[in-house]
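Heads up: the structure comes next, in structure tokens.
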Amino acid sequence: MREEDASRGMRLQKFLSRAGVASRREAEGWIDAGRIRVNGEVVTVQGTRVRPGRDRVEVDGEEVTLPPTRWLLLHKPRGAVTTRKDPRGRETVYHLLPKDAEGLVYVGRLDRDTEGLLLFTNDGEAVHALLHPSSEVPREYRAVVEGVVEGDTVERLRKGVELEDGLARGEAVRTDPGKGRTTRVSLILREGRKREVRRLLEAVGHPVRRLKRVRFGSLRLGDLPPGRWRELDGEEVAALRRTAGLKEGE
């Protein structure tokens, strides 16, 4: 929060979103329904501000507190499932995180056979903003695909290919010869639709053999080994929130 706004506190809708209990729109409905109290008083005015750590906020009589914001970056290995619990007993991404990170949520998914950069946080507002299609957060992938990718195929990827759920288009598409009859492909997408990279490349005749996400927004995977994680620093978090179009003090 900017220093000049600190004394005014945070909008109640934003507080509840940051706490992970409601979206801003849901919070507005709760205010209209008289479900929220601040310091014992029912809130009836939209945009009411609260001071985290000083004001007591309750929803349906239950106190809501704002935990310290936390962000982790994991290099998800192939084979790990992006879920909290797997009924088939497979390794999940949460098995790779510290015990005190169990309450964090993942930002988007990577399928079981995809490796690379995966974020976790308790900042519900940022998760919603980053994953909203309007944010158009760049996601960079590197793939090894079957066959030799020719120039006309690269142009198709750049212009876009119609999939069953809409147009998919790669930006900054680059190719390099792989081993045997394979090609290394690097591309950027600005959506997070299910298995979009795999479906896009298969649609142009080049099924994916291996896929890694190396960048999400302003963050890069770097040389972090598979299965390892690290905390984001303040500058990285601030840059990520700017990417999502979020400003402090809203």
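Each value in this text was obtained by applying a stated rule to the coordinates, not by laboratory testing. Owing to the predicted nature of the structure, the values given are computational and were not obtained by experimental measurement. Reconstructed Cβ throughout: ideal geometry from the backbone, glycine too, with neighbour counts over all protein chains shown.
Computed over the Cα atoms of the chain, the ratio of the radius of gyration to the Kirkwood radius (Rg/Rh) comes to 1.05. Arranged from fewest to most other beta-carbon atoms within 10 Å of their beta carbon, HIS75, HIS132 become HIS132, HIS75. Kindly list the residues of region 183-227 that lie in the label zone of ASP152, defined by a backbone N under 14 Å from the point 7 Å along the Cα-to-C-beta vector. Zone members listed by number: 204-205. Among the listed pairs LYS76/LYS159; LYS76/LYS194; LYS76/LYS179, those whose Cα-Cα separation exceeds 19 Å are LYS76/LYS159; LYS76/LYS179.
Based on C-alpha pairs under 8 angstrom that are at least 6 apart in sequence, the chain has a relative contact order of 21 percent. Excluding same-chain neighbours fewer than eight residues apart, the lysines reachable from LYS14 by a Cα-Cα span under 17 Å are LYS247.
Computed per residue of the chain from DSSP H runs no shorter than four, each worth -39500 (n - 2.57), the mean residue ellipticity at 222 nm is -5500 deg cm²/dmol.
For the chain, excluding the exposed loop sites themselves (trypsin sites (Lys or Arg not before Pro), DSSP loop, at most 10 other Cβ atoms within 10 Å), the longest remaining stretch covers 89-178.
Gain on full extension, evaluated as 0.36 nm per residue between ARG220 and ASP176 minus their Cα-Cα distance, stands at 13.8 nm.
Annotation for ARG193 and ASP233: the two label points, set 7 Å from Cα along the Cα-Cβ direction, are 3.8 nm apart.
Considering only alpha-carbon pairs that sit under 8 angstrom and 6 or more positions apart, the relative contact order computed for region 138-216 is 48 percent.
The base-10 log of I(q)/I(0) for region 126-250, evaluated at q = 0.19, 0.20, 0.21 Å⁻¹, reads -1.07, -1.14, -1.21 [Debye formula, identical scatterers on Cα atoms, solvent excluded].
Counting every alpha-carbon pair across region 79-171, the share separated by more than 22 Å comes to 46%.
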